[in-house]
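Worksheet for the structure shown next.
No lab work stands behind these numbers, since they all come straight from the coordinates. Every value quoted in this text rests on a predicted model; they were computed, and no experiment measured them. All Cβ positions, even for glycine, are placed from backbone atoms using ideal geometry, and neighbour counts span all protein chains on display.
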Amino acid sequence: MERLDKKLGTITSLPMILLLAVGFLAPLVVVAVFSIMPPKVFSIMNVPDFSAYADFFQQGYYKSLLWSVAMAFISTFILFLICWPLAFGMAKVFGKFTLVLTIAVAMTLIVSENIRLFGWVLTLMKGGLIDGYLRTWLGLRLEGVLYNGTIIVFGLIYVYFPFMLFPLAQGIAMIPEDARQAAEDLGASPFRILWEIDLPLASPGIVVGSLLSFVLAAGALAESKLLGGQAIIVFTDEVETAFTYGQNWPLGSALAMILILIIGILAFFTISKIDLDSMMGRRR
Amino acid sequence: MHTTPILYLKNIVKRFDDFTALDNINLEIFEGEFLTIVGPSGSGKTTLIRLMVGMDEPTEGTIWLRNERIDQTPANKRPMCMVFQSLALFPHRSVGQNIEFPLKIKGVSPKVRSKRALELLELLHLPKSFYNKRISQCSGGEQQRIALARALAFDPEIIFFDEPLSALDYRLRKTLEKELKDLHERTGKTFVYITHSLEEAMVMSDRIAIMNSGKFEQIDVAEVIYSKPVSRFVASFMGEVNMFDFKCDSKGDIKIDDVEIRSSVLTKDTKKIYSKKAKGALMVRPEFVRFNKAKETNDFQIRGYLRAEYELGSRIQYEVDTLGDSRVIIEKLREDRFKGKLGATVVIGWDIKHTHFIPND
């Protein structure tokens, strides 16, 4: 019986495995191979050469990588701070209102990210919505809001908000209420309950939410282009330029591989640090 | 022995919207006693315990810990704690860390903490190797003891128990009931236990409080609750019981359908008690009813036929249907087994001293 189950498992998962192999793994392999081709070639039938990776250091691409990672880190951290109380409310306090909130937040995902960001640009730009009203009514000007690092971080927080909020709410919902009550009963202050009970027991949600926001933010492009006006060149921008304007596929591939590698290592490291199963008290 | 009230509840009322969960509760809990609150589900016992621990506030009334009013004090500031029905152990912490939790909150040093945790493990008959175990690796009975150890580590004035044994199997429950009573004697702490099983209450408690629809029906020692219940509810709550409705005339003579009463047993005093309330019930426990031998007579006597016989292990239970409508339950020890055939006509009876009078409400 068990053997049959195993066979069935392999057979039923076969279409998905094939799809992943063709749609996900194959392009990745192509990119990996391109990254070790000599500069500016359009075929993978050349003698391998690591000049594209050398360019990463020599031509200062690591600076934009640092920018990307730093902004992803900051926005993830701020997202966590903003989302925790809201997620806590959704999971434990709001009741029926949670559904309204869920729908409202999920609705934002229906409209394309670029359009929403353009909306912000129109709102915040010089001569835009806010600036225009301020000028007409109060004679004040709103300047210098757009086209800097802060507004890019704002854009990242705004766009990736649901990706932190929902996993976090899920994680908080898994905190057993009686454990919180028992902690209070045994003398713990609200802060101690947060520290000793809530944060560790919600950590699967925290990890998933943070990882999603971080990975997405590190690979984000539109925020820096639209809101940032390329005041800061993020790493994905460099990748895009290499592929399009630069017509240097090996360089683009090498930069992409570096991003994939760094984020991959980070993700595996974080997930392996936290034993999801034992945290849930299931097994060890 | 128990003379000082440690906790005093005065005129406690708790309402949820239109529903009155607790209706004017007054209760004194004495220092060092083992009090069990018993009631069916929905009787308000959990609501009551939550008020005492501080997880909820009463709508009306006050709670006093010795001379200090505490009904508005939050749970984390009250020197008492609860063992939850679910136990509420922290799944992400080891056994040792669970037990040490209240000490950690109090800011006790790690060295002293772990020493105390090991002492408590020993007190609760758990091996020291459990200190580093995960909660999920422990059995139901072990988790029970860990929850108790954690409560004791808090060193509370009173420990409350919210049906912590209800999820365990029969044998383990019996063992832990006795262990709990033993632990109560050794620690000298005040234990307040709630359960829906009066049997469980009987084994452990100094006093039992019977609760029904937000009120106490009776608070007394087990012996009195069993043999002299104040109401039909209390009488029928514990085990089997036979109750007979009676009517009383103006002279104090009583009439019960089917039952012959020896007139000499109705003394002036008993008549006085009965005639105050014209209606009520006579109660007799199954173990006090006997099968009459030939020519033997009893204070109370019924004719009927033997309907059924059940094995209860240590005892045997009989059902006798009377010529009227009622059914009488009789229990005999195995050695006193009645050798009648099913369907045979029998005469059964009992003495006035085993009869208890319950007035109608």
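Would you calculate a helix-derived [θ] at 222 nm for chain B, using -39,500 (n - 2.57) for each DSSP H run of n ≥ 4 and dividing by the full residue count, to the nearest 500?
One gets -8000 deg cm²/dmol as the mean residue ellipticity at 222 nm.
Within straight cross-link reach of B:Lys341, meaning Cα distance under 16 Å, which lysines are found once same-chain residues fewer than 8 apart are removed?
The reachable lysines, counting only those whose Cα sits under 16 Å from B:Lys341, are B:Lys293, B:Lys332.
In region B:325-343, which residues have a backbone nitrogen under 15 Å from the label point lying 7 Å from B:Ser314's Cα in the Cα-to-Cβ direction?
From region B:325-343, the list is B:331-336.
Rounded to whole Å, give me the distance from the Cα center of region A:1-75 to that of region A:218-259.
Taking the Cα centre of region A:218-259 as reference, the centre of region A:1-75 is 16 Å away.
Once label points are set 7 Å from the Cα along Cα→Cβ at both A:Tyr133 and A:Leu199, what is their separation, rounded to one decimal in nm?
Placing both labels 7 Å beyond Cα along the Cβ direction yields 3.8 nm.
With charges only on Cβ, +1 for K and R and -1 for D and E, what is the dipole size of the protein assembly as shown about its Cα centre, in debye, rounded to 20?
With Lys and Arg at +1 and Asp and Glu at -1, about 760 debye.
Determine the shape class of the protein assembly as shown: with a ≥ b ≥ c the square roots of the Cα gyration tensor eigenvalues, call it rounded for a/c under 1.5, and otherwise prolate if a/b is greater than b/c, oblate otherwise. Could you put the intermediate results ahead of the total?
Values: a/c = 3.03, a/b = 2.52, b/c = 1.20.
It comes out prolate by the Cα gyration axes.
Evaluate the relative contact order of region B:2-135 (contact order divided by residue number), counting alpha-carbon pairs under 8 angstrom at least 6 apart; express in whole percent.
20 percent
Under the classification rounded if a/c is under 1.5, otherwise prolate if a/b is larger than b/c and oblate if not, where does region A:1-158 fall, given a ≥ b ≥ c as square roots of the Cα gyration tensor eigenvalues? Show your work: numbers first, answer last.
Working: a/c = 2.70, a/b = 1.28, b/c = 2.11.
Oblate, because a/c is 1.5 or more while a/b does not exceed b/c.
Positive end of the charge dipole of chain B (Lys, Arg +1 and Asp, Glu -1 on Cβ, about the Cα centre): tell me which of B:Ala281, B:Leu183, B:Asn298 has its Cα farthest that way.
It is B:Leu183.
Placing +1 at every Lys and Arg Cβ and -1 at every Asp and Glu Cβ, with all other atoms neutral, what dipole size does region A:1-82 have around its Cα centre, in debye to the nearest 20?
My answer is approximately 120 debye.
Points 7 angstrom from Cα along the Cβ direction at B:Glu185 and A:Leu66: gap in nanometres?
Going by the 7 Å Cα→Cβ label model, 7.4 nm.
As a check on your grasp of the helix formula, calculate [θ] at 222 nm for chain A: sum -39500 (n - 2.57) over DSSP H runs of n ≥ 4, divide by the residue count, round to the nearest 500.
The helix contribution divided over chain A gives -21500 deg cm²/dmol.
For region B:73-143 and region B:208-243, compute the distance between their C-alpha centroids and round to whole Å.
Here the answer is 36 Å between Cα centres.
For region B:299-361, state which chymotrypsin sites (Phe, Trp or Tyr not before Pro) are in a DSSP loop and have at most 16 other beta carbons lying within 10 Å of their beta carbon.
Sites meeting the loop and neighbour criteria: B:Phe338.
Going through the DSSP H helices of chain A, which span 30 Å or more along their own axis at the Cα atoms while scoring at least 1.0 as a mean Kyte-Doolittle hydropathy?
Qualifying helices, which must be both long enough and hydrophobic enough, are A:61-88, A:149-173, A:249-273.
Strictly over 27 Å apart at the Cα level, which of B:Lys10/B:Lys174; B:Lys255/B:Lys353; B:Lys189/B:Lys228; B:Lys279/B:Lys339 would you flag in this model?
The answer is B:Lys10/B:Lys174; B:Lys189/B:Lys228; B:Lys279/B:Lys339.
Could you grab the relative contact order for chain A? Cα pairs under 8 Å, six or more apart, rounded to a whole percent.
28 percent
With only Lys, Arg, Asp and Glu charged, each at its Cβ (+1 for the first two, -1 for the last two), find how big the charge dipole of region A:176-266 is about the Cα centre; round to the nearest 20 debye.
340 debye
Shape call for region A:59-279 from the C-alpha gyration tensor, a ≥ b ≥ c root eigenvalues: rounded (a/c under 1.5), prolate (a/b greater than b/c) or oblate? Let's see the in-between values first.
On the way: a/c = 2.51, a/b = 1.35, b/c = 1.86.
Oblate, because a/c is 1.5 or more while a/b does not exceed b/c.
At 7 Å along Cα-to-Cβ for each site, give me the label-to-label distance between B:Tyr305 and A:Phe77 in nm.
8.9 nm
Could you work out the relative contact order of chain B? I mean the mean sequence separation of Cα pairs under 8 Å and 6+ apart, divided by the number of residues, in percent.
It comes to 15 percent, rounded to a whole number.
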